[in-house]
1. For residue 32, all conditions in the list (1) over 15 Å from residue 4 (Cα atoms); (2) open to solvent by less than 100 Å² (accessible area, probe 1.4 Å) hold save one; what is the number of the exception?
2. Kindly provide the set of residues from segment 36-68 that are closer than 14 Å to residue 23 by Cα, hydroxyl-bearing (Ser, Thr, Tyr) and either assigned to a helix (DSSP H, G or I) or open to solvent by less than 70 Å² (accessible area, probe 1.4 Å) (or both), ordered by number.
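The values are calculated or read from the model by the stated rules, or taken from the named source; none is laboratory data. Because the structure is predicted, anything quoted here is derived from the model rather than measured. Remember, those area values only see protein heavy atoms, side chains included, never the ligands or the DNA or RNA. Shrake-Rupley method; radii C 1.70, N 1.55, O 1.52, S 1.80 Å.
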Amino acid sequence: MYKRLIFFSLIFGLLYSGGSQNLNEAAVKQYVATYHSIAQSCGTEYHIPASILLAQALIYTKAGTNHLAKLPN
């Protein structure tokens with residue numbers, strides 16, 4: 001329960017922050033749905049909460065919409 005609260009707090013903060021990150025809500029939902037299982041397995045392996053891994057990835061890749069995130073794929 002606590003991990004979910006942290007996760008959704010991070011997502012909410014990313015979506016509605018006044019910073020320079022303009023993340024599309026649909027893109028964020030699709031990104032989380034796509035990569036949540038990978039974040040959970042890596043989080044278990046390295047003892048890092050999956051919510052932190054996903055939040056960091058969302059910021060760095062702008063929910064997978066950043067041109068540098070698309071380029072290698």
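1. (1)
2. 60, 61
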